[in-house]
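None of the figures in this text is laboratory data; all of them are computed from the coordinates on show. The model shown is predicted, which means the values in this text are computed figures rather than measured ones. Here the Cβ is made from the backbone with ideal geometry for all residues, glycine too, and neighbour counts use every protein chain on show.
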Amino acid sequence: MNIQIVPAKESQKSILQQLMELYSYDFSEFAHDDVNEHGLYGYSYLDHYWTDETRHPFFIIVDGHYAGFVLVTKHCIYTADSTAHNISEFFVMRKYRKAGVGRLAARRVFDMFSGMWEVRVLHINVAAMPFWAKVVAEYADGKHTFHPVAVVGWDGIGFTFDSRKK
């Protein structure tokens, strides 16, 4: 299986928007969101990924097919490091789950931005918690911090670690 992390160009925004709808549909199981009057969930920050230099959109491509996306930002809450990065949104299509695609995609994105990282998981997303706990622990070789409590404006847990190889 050939897995690639490819920057999403602004000309590909509609593809990312479609994948975001699938992600939002999957996530509605936890968040209980409804579609709007146009039948869409929408994502308020999508345009910002091409206008804000602290945001980076990527496609996950498997054997030449779109398999998901990773949205990276510098908007962190568990670390005061202003250079740290955060996985803002992460989605792997059901067909590619449980095949190591998400794990490898996350590792490759961590490698792309050397330094401090933060990964957050909403409490309601119980399916994602063991995935991220395992991925972060393996990637950071156990040298990570687990943040088990929510902070103001965030109802979840977090992990922080340094992606620089020692």
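For Asp155, only one of the following conditions fails: (1) surrounded by fewer than 18 Cβ atoms within 10 Å (Cβ to Cβ); (2) within 17 Å of Asn86 (Cβ to Cβ); (3) out of contact with any His (no Cβ under 6 Å at 6 or more places or on another chain). What is its number?
(3)
Being free of Cβ contacts under 8 Å to residues at least 40 places away in the same chain and part of a loop (DSSP other than H, G, I, E, B) is the filter here; which residues of region 134-164 pass it?
Matches in region 134-164: Ala140, Asp141, Gly142, Lys143, Pro148, Val149, Ala150, Val152, Asp155.
Going through region 93-124 one residue at a time, which ones are closer than 26 Å to Pro148 by Cβ, more than 13 Å from the chain's Cα centre (by Cα) and in contact (Cβ under 8 Å) with a residue 60 or more places away in the chain?
Across region 93-124, the qualifying residue is only Ile124.
Restricting attention to region 110-166, report how many residues are more than 20 Å from His56 (Cβ to Cβ) and out of contact with any strand residue (DSSP E or B) (no Cβ under 7 Å at 6 or more places or on another chain).
Qualifying residue count, region 110-166: 17.
Look through region 57-92, keep the residues that are closer than 15 Å to Gln4 by Cα and over 13 Å from the mean Cα position of the chain (by Cα), and return whichever of them is surrounded by the fewest Cβ atoms within 10 Å (Cβ to Cβ).
My answer is Gly64.
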